[in-house]
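The values are calculated or read from the model by the stated rules, or taken from the named source; none is laboratory data. Everything numeric in this text was worked out from a predicted model, so none of it was measured. As a convention, Cβ positions derive from the backbone with ideal geometry for all residues, glycine included, and neighbour counts pool all protein chains shown. The area values use the complete protein model at the heavy-atom level, side chains included, leaving out ligands, DNA and RNA. Shrake-Rupley method; radii C 1.70, N 1.55, O 1.52, S 1.80 Å.
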Amino acid sequence: YVATPLAGLLNVKEKIRLKAAPNPVLEKFYAATTKHPKQADVEMLSKQSGCSVRQVERWFRRRRNQDRPSLLKKFREASWRFTFYLIAFIAGMAVIVDKPWFYDLREVWKGYPIQSMLPSQYWYYMIELSFYWSLLFSIASDVKRKDFKEQIIHHVATIILISFSWFANYIRAGTLIMALHDSSDYLLESAKMFNYAGWRNTCNNIFIVFAAVFIITRLVILPFWIMHCTVFYPLDLYPAFFGYYFFNFMMVVLQCLHIFWAYLIIRMAQKFITGKARGASDPARRCCRGVVEDERSDREETDNSEEEEEAAKNGPLSNGHPVLNNNHRKTE
């Protein structure tokens, strides 16, 4: 109701995809065996289906493209996440900005374990926990990327951290950590939205800001301020117990994922600086089209031979490009 009309206003254009012709033999192999057949499989399928090797390869390319999410679906997903992350970041700052532990991290443990919880902290926790549960449940239907396994680990680790910090009454530390994470995520999602709309300069500028915020918050503030607070300060007040070790272990897991994603950001930044960047079909949390190639996205495959076939069917050229039937444009 919101993202689709917004996509229209921003002129988000869908790519026209050529569909794979119905073929029971190839469809069965695609669904039951693999989406990326080896050369020996292609030759075998060519004999079984009565198609040439080239036709089988083209069929699998088109069939894989059919399963990839549309540009509108990606835009809607980015819009939804942008909305949540922005509201969550504003709400998180409103919850902690007037608290003494926001300015003095030693206040995080003052009076622990007997610490009161405000209604604002309760609702902040419930909304964040609900959101990450929704991500875990919907990850199978969302836009899939190369770091699919890392995303699952991240969601599970985040849910465990939020839940455990709730049970162990690590509420003050938990609110700081959640707000810190939300500080960069909404920038990334907005960059993706402008990328899908073709606003390249805007996307590029937001990406630069996002990269700076991500590295500062996840690789500087989180390990050297927040984790220092959770590892060293509690030992001055009470002896270490299981919850202390478990909580900090999960924080280390989360930090390893941050380092992995920061590595991808730095790789793309390097391509941007050296001028080796290429366009990408989906920034997928880490890049913008025309600036950097997405290290995580599963890009749509092209089929150059399609133009030759269509040109043979339709004859003359128009402005140097074949006039394709069925109103298909030149494959990008």
Original post:
Where the accessible area of region 18-67 is counted over protein heavy atoms with a 1.4 Å probe, how much of it, in %, is carbon and sulfur?
Top reply: 52
Subject >> Extreme residue, positive dipole direction of region 18-67, given options Ala20, Met44, Thr34 (C-beta unit charges) >> reply: Ala20
**OP:** Please list 6-15, 180-189, 222-231, 204-213 highest first by mean number of surrounding beta-carbon atoms within 10 Å per residue.
**Re:** 180-189, 204-213, 222-231, 6-15
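If you take all C-alpha pairs in region 61-152, what percent of them are over 23 Å apart? Could you put the intermediate results ahead of the total?
Working: 1915 of 4186 pairs.
So the portion of pairs separated by more than 23 Å is 46 percent.
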**OP:** Could you rank the peptides 238-246, 124-132, 192-200 by their average count of other C-beta atoms within 10 Å per residue, with the highest value first?
**Re:** 192-200, 124-132, 238-246
Subject >> Greater than 20 Å apart at Cα, pairs in Lys15/Lys192; Lys13/Lys73; Lys15/Lys73; Lys13/Lys149; Lys19/Lys73 >> reply: Lys13/Lys149
